[in-house]
Structures are given as structure tokens and as C-alpha cells.
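Structure record follows, encoded as C-alpha cells.
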């Protein structure tokens, strides 16, 4: 008899605790935290995106070319055939007497792999610098997506890096087709940072 009463008491107490913990999920009670359902339980939006890190390398080389042209124009150094090919800045130095001055400038460009054959120059990024640029491009993309989702007003969006250049976005609670479309437009919208040389 005592064993039956003990089991009944344990059953009643356990049931009451379970009911108390479930109350916030069905009401607007503020003194309990509601149980948050994940994407697999409440549904939502799942997207896998790829970051074009090669474009970040190209943008860096364009900035180097602009900086080089600005420096040469400012210091009366004549260069010719300035162009970008396969993420390398190529150019020819016209005045060989200006070579020491030019190379002094090129040494200040951190992360650059500078090669020269007499007066012909090739500038590329070192492997270490390329890695830094790619990682920064991904972290910037993640930050941009998070900021856009904050404007969308979604609770607890998940934005994480996957692989070398991938981003996974999970948005629990996106139910209507209109919400999904708006979220996709916000996430996929292209953002570009243009670099230019500002004169003193």
C-alpha cells in the first residue's frame, strides 16, 4: 500500500512539474522563458550561400593599381601599360632612373609579391595575404547578412561559416511565402565596397 502511494505521489509531482514547464509555450507568461523550437520543429528558411572570394582578391589588386598610379603621377614617375591580368598588376617603368624611388614605394605595400625583370613589373598577393583577404571577405559577408536580418526583425537567426567559402543561414519561424521571399531578397542582395585613392 505504501509503495502504491509513493508511486502515485511521484507520478502526480512529475506530471505537475511537466505541466508547469509547458505553460509558457502556450501562454504569454513573462515570468517563464518560452521553449524555443528549432528549425526542424517549427519550420523556417534554410539557405547555403557561396562567397565569391576571388572578387575580393581582384578588388585588392584594383586598389593596388590605383595606389600605384596615384603615387607615380604625384612623383613624376613615368610608367606604361598598366593593367590587371589574372589578379596581377602589370606595368613597365619608362624611366630607369626612377627605379629606386618606385621600389621604395612597392616595399611599403604589405602582403604583395613583387617581381621585376629589368623595367617590367608584376605585382601579386602572397599566399598569406590571399588567405587574409578571403577570410575577411567571408566574415564581412556574415556580418552584412546578420545586420540585414536584424532589420528584418527575426528572432535568433543563425548565420555560420561552412567549408572554405560557404555560409549557412537558418531562420526559424519564417512561415509565409511573403516572409520567405523578403528574407531571401535581403540575404542575397549584393553589397560592394568600392576603394579609391583620396588625394591629400
Among 174-182, 117-125, the order from most to least packed when residues are scored by Cβ within 10 Å on average: 117-125, 174-182
Estimated FRET transfer efficiency (residue 176, residue 150; beta-carbon r; R0 25 Å; 0.05): 0.80
Linear extension gain, residue 11 paired with residue 116, 0.36 nm per residue minus alpha-carbon span: 29.5 nm
Cα→Cβ-extended label distance, 7 Å offset, between residue 82 and residue 104, nm: 1.9 nm
Peptides ranked, highest mean first, by Cβ atoms within 10 Å: ranges 157-170, 7-20: 157-170, 7-20
Longest to shortest principal axis, alpha-carbon extents of segment 54-125, angstrom: 36, 23, 20
Full-stretch length increase - residue 136, residue 70 - with 0.36 nm per residue and alpha-carbon distance subtracted: 21.2 nm
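Only the coordinates and a few stated rules stand behind these numbers; no lab work does. As the structure is a prediction and not an experimental result, all values here were calculated from the model. We place every Cβ from the backbone using ideal geometry, glycine too, and count neighbours over all the protein chains shown.
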